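One structure is given here, and the rest of the page talks about it.
Every number here is computed from the coordinates shown, using simple stated rules; none is lab data. Please read all numbers here as calculations on a predicted model, not as lab measurements. We place every Cβ from the backbone using ideal geometry, glycine too, and count neighbours over all the protein chains shown.
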Amino acid sequence: MAKTKKEVTVPRINIGISDKDRAAVAGELSKLLADSYTLYLMTHNFHWNVTGPMFNALHQMFMEQYTEEWNALDSIAERIRALGHYAPGTYREYGKLSSIAEPDSVPEALEMVRLLVAGNESVAKTARAAFDKADAANDQPTADLLTQRLDVHEKNAWMLRSLLQ
C-alpha cells in the first residue's frame, strides 16, 4: 500500500510589515543589490587592471573595497529573501536595475578612481532611497543594514575622492 504524502502548509509571513510594504522594500533592496554587484565587479576589474605610479596603493585599496562589497552582497540578498521575495541574481536583472554605468574599456588609474567615486555615491543614493521605504514600513532590520551600507559607501567615496585632490 502506497503512503500518501502529507501536504505541508507554509505559513504566511507575519512579521508586522504588510505584503505591500515588504514588496516595496524588497524592490528597493533589489536595486541596491544590482548597484552593489555592479560596483563590486567594476572595483574588482580595476584591481586587476590598474597601472601607473599609484599601482600598489590603488591595487590594495581596490582589493579592500571589493572584498567588503562582496561580503555585503549576501546580507542584502538574504534580507530580500527574509522579506519573502526572490533576490535578483543575473547580469540581465542587474543591468535593468542598476543605476551605475560600466566603462566600455579599461580607463587610466585616476579615471578608475573617479568612476569608483561616482559608483560609491550611486550606491549611497540607492541605499538612501531604500532607507526611506524601510523607514516608512517600520522595517528596522532593513534600515540598520542600509545605514551600514551608507556608512561604507560614503566613506569609500571620500577616501577615493581624496586621491583626486
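Tell me, what ³J(HN,Hα) does each residue in segment 153-158 have, in order and in whole Hz, if you take phi through Karplus 6.51 cos²θ - 1.76 cosθ + 1.60 with θ = phi - 60° and put x for Gly and Pro?
The phi angles translate into 6, 5, 5, 4, 4, 4 Hz.
Summing -39500 (n - 2.57) over the DSSP H runs of n ≥ 4 in the chain and dividing by its residue number, what mean residue ellipticity at 222 nm do you reach, to the nearest 500 deg cm²/dmol?
After summing the helix terms and dividing by residue count, I get -25000 deg cm²/dmol.
Efficiency by 1/(1 + (r/R0)^6): what FRET value for Trp70 and Asp19, r their Cβ-Cβ distance, R0 = 35 Å, to the nearest 0.05?
0.65
Could you go through segment 18-33 in sequence order and give the Karplus-derived ³J(HN,Hα) for each residue, using 6.51 cos²θ - 1.76 cosθ + 1.60 with θ = phi - 60°, rounded to whole Hz, and x for Gly and Pro?
Karplus values, whole Hz, x for Gly and Pro: 5, 4, 4, 5, 4, 5, 5, 5, 4, x, 5, 5, 5, 5, 5, 4.
Which of these values of Rg and Dmax of the Cα atoms in Å was calculated from the structure shown: (i) 19.0, 79; (ii) 15.0, 47; (iii) 22.4, 76?
(i)
Net charge near Arg149, counting Lys/Arg +1 and Asp/Glu -1 over other residues with Cβ under 13 Å of its Cβ?
Here the count lands on -4.
With a cut-off of 8 Å between alpha carbons and a minimum separation of six or more residues, what is the relative contact order of the chain in percent?
31
Write out the chymotrypsin sites (Phe, Trp or Tyr not before Pro) in segment 65-155 meeting two conditions: DSSP loop, and at most 13 other Cβ atoms within 10 Å of their Cβ.
Tyr86
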